[in-house]
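Below is one structure, written out as structure tokens, with a few remarks after it.
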Amino acid sequence: IDTVITGNTVCDISGATAFSADGTFPFGCAIYVQGVEDAVVSSNTTARTHTAAVSFSSSLTPSAIGATNNTRILICDNTCTDDAMHGIEVSEPNNQGAAIGACAVRGNIVTSMGDVGIYVVQRANVDVDLNLVDTTGGQGIFVDNSTTKRANVNVRSNTVRNVTLAGISVNFVQNGSVFGNRVYGNANYPIIINNADNFDMSFNQVITTAG
């Protein structure tokens, strides 16, 4: 392991550098990891990040914990609460490392998010396992690969509760799974799978009442 970020508490980040043209606040995350290999982000606590942000599109990483273009990274056992945007976001890989598990988002607690709890964007080789996502303004767990299928994306054994949109939404994936998850009390669709090949969706539980 080359990089370890652990045991930190980061709270009350506004995103205090404004674009003069439109007044948005582009960088309000607590922890951001870019372009590293063999990294662990674990046992950190974040709260109240992006509090001044007004635009998702103009934020460099609109999440409490962001990881971009990394190889073999583990994001585990973190607690993220009260972010105005997303909880944990992983995106834009360089596609090195093992076919499965090059990125793992595991055992995190993500609560009270303005939008998505755990957000995977254009990222292959991801395991999203054993997380708790509770109360979001958007999806609980959202895999958004646009129109290009990414391989080996697995969403397994997570608990998702009380989200505004889909509990789990997976888009444009080849060779993946949504397996053994529990989805409670969601206002929209519990689980959405869109445009997936060689995909296993099994042993999930959908409970209409709040968990």
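The values are calculated or read from the model by the stated rules, or taken from the named source; none is laboratory data. Keep in mind it's a predicted model, so treat the numbers as computed, not measured. Here the Cβ is made from the backbone with ideal geometry for all residues, glycine too, and neighbour counts use every protein chain on show. The area values use the complete protein model at the heavy-atom level, side chains included, leaving out ligands, DNA and RNA. Shrake-Rupley method; radii C 1.70, N 1.55, O 1.52, S 1.80 Å.
Computed values, structure above
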item	result
Residues Val206 and Val36, FRET efficiency given R0 of 25 Å [Cβ-Cβ distance, rounded to 0.05]	0.10
Estimated FRET transfer efficiency when R0 is 35 angstrom, pair Asp2-Phe179 (beta carbons, to 0.05)	0.70
Asn188 paired with Thr148, simple spin-label distance in nm, labels 7 Å along Cα-to-beta-carbon	2.5 nm
Solvent exposure of the stretch 132-182 as accessible area per residue, Å², 1.4 Å probe	31 Å²
Extension reserve of the Asn198-Asp12 stretch, reckoned as 0.36 nm per residue once the Cα distance is removed	62.7 nm
Net charge over other residues, Cβ less than 12 angstrom from the Cβ of Asn195 (K, R count +1; D, E count -1)	0
Calculated Rg and Dmax of the stretch 123-211 using C-alpha coordinates, Å	12.0, 35
